[in-house]
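So the structure is just underneath, and the comments pick up after that.
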Amino acid sequence: MNKNKFHLTLLLIVIAFFIWSAIKPAGYGIWFLEVGPSVIVVLVLLYFYNKVRLTSFSYSIIALLTILTFIGGHFTYDDVPLFDWLQDNYDMKRNHYDRFGHFIKGLSFIVIREILILKTSLPISKWLQFIAISITLAMSAFYEIIEWLAGKVSDRTSKNFMGAQGDIWDAQWDMSLTLLGAILTLLLLTRWHNHLLNQSKNNEWS
């Protein structure tokens, strides 16, 4: 498949999930808080699409993360049906969709790494990997700060946005899982990512 058609297909899938997410969500307040940042990211990517072209792998990661936030925004992160079923059938103490989402956010390491390679003079090295992981973790920590600030407002929407489910260590768990996801991504996917970057330079499908 031509890479432009593939990118368009990803965009159409994301738009379809966005429309579904907006139809009778659990609450429009929490939906706006959860979905809003992802919509901004998609709009920024569209604006810079012809100026900074990422690999199809990076766009696929962004699409996946965006869809996960749309699902969480629709149901709220502590009430996604599949993870409610897991909670009920395996005697779990909480719905783990938010933990799963934070772990998967570790994949954003690839996107950050690619942007650093394309837009800075940093060579592909251990320092590049370290900086990309640091930025990934910093973004996770920033999101936790936003959740904490929202939690200072005592309405139900803010509490649902935090999704802590009574766990006082929720922020630490979320950041640790993002870090774990980023480290696994570094170990398992960077070689393939380098191959895709080389293909992209040669104007091949990536």
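The values are calculated or read from the model by the stated rules, or taken from the named source; none is laboratory data. The structure presented is a predicted model; accordingly, all values stated were derived computationally and were not measured. All Cβ positions, glycine included, derive from the backbone under ideal geometry; neighbour counts span all protein chains shown. These area figures cover heavy atoms from the full protein model, side chains too; ligands, DNA and RNA do not enter into them. Shrake-Rupley method; radii C 1.70, N 1.55, O 1.52, S 1.80 Å.
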(message) Sort 130-138, 96-104, 194-202 by the packing proxy (mean of other Cβ within 10 Å over each peptide's residues), most packed first.
(response) 96-104, 130-138, 194-202
(request) Just tell me, in residue order, which DSSP H segments of the chain are both 30 angstrom or longer along the helix axis (alpha-carbon based) and at least -1.0 in mean Kyte-Doolittle hydropathy. (result) 126-151, 170-201
(request) Pairs to check: K126/K201; K105/K201; K93/K126; K3/K126. Give those whose C-alpha atoms are more than 28 Å from each other in this structure. (result) K93/K126; K3/K126
(message) Test of understanding: what is the full-extension gain from W173 to K119, defined as 0.36 nm times their sequence separation minus their Cα-Cα distance?
(response) 16.3 nm
(message) Between S125, S176, S21, where does the largest GNM mean-square fluctuation fall for the chain, given springs only between Cα atoms within less than 10 Å?
(response) S125
(request) Treat each spin label as a single point 7 Å out from the Cα along the C-beta direction, and report the H195 to W148 distance in nm. (result) 4.2 nm
(request) With a 10 Å radius around each residue's Cβ, average the other Cβ atoms per peptide and rank 109-121, 40-52, highest first. (result) 109-121, 40-52
(message) Rounded, prolate or oblate, given the Cα gyration tensor of the stretch 26-70, with a/c below 1.5 counting as rounded?
(response) oblate
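Sort the stretch 1-139 into rounded, prolate or oblate with this rule: let a ≥ b ≥ c be the square roots of the eigenvalues of the Cα gyration tensor; rounded if a/c is under 1.5, and if a/c is not under 1.5, prolate when a/b is larger than b/c, oblate otherwise.
Oblate, since a/c reaches 1.5 and b/c is not below a/b.
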(message) Just the number please: accessible area per residue for the chain, 1.4 Å probe, all protein chains included, in Å².
(response) 58 Å²
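Carbon and sulfur together cover what percent of the accessible area of the stretch 41-83 at a 1.4 Å probe radius?
The value for the stretch 41-83 is 74 percent carbon and sulfur by accessible area.
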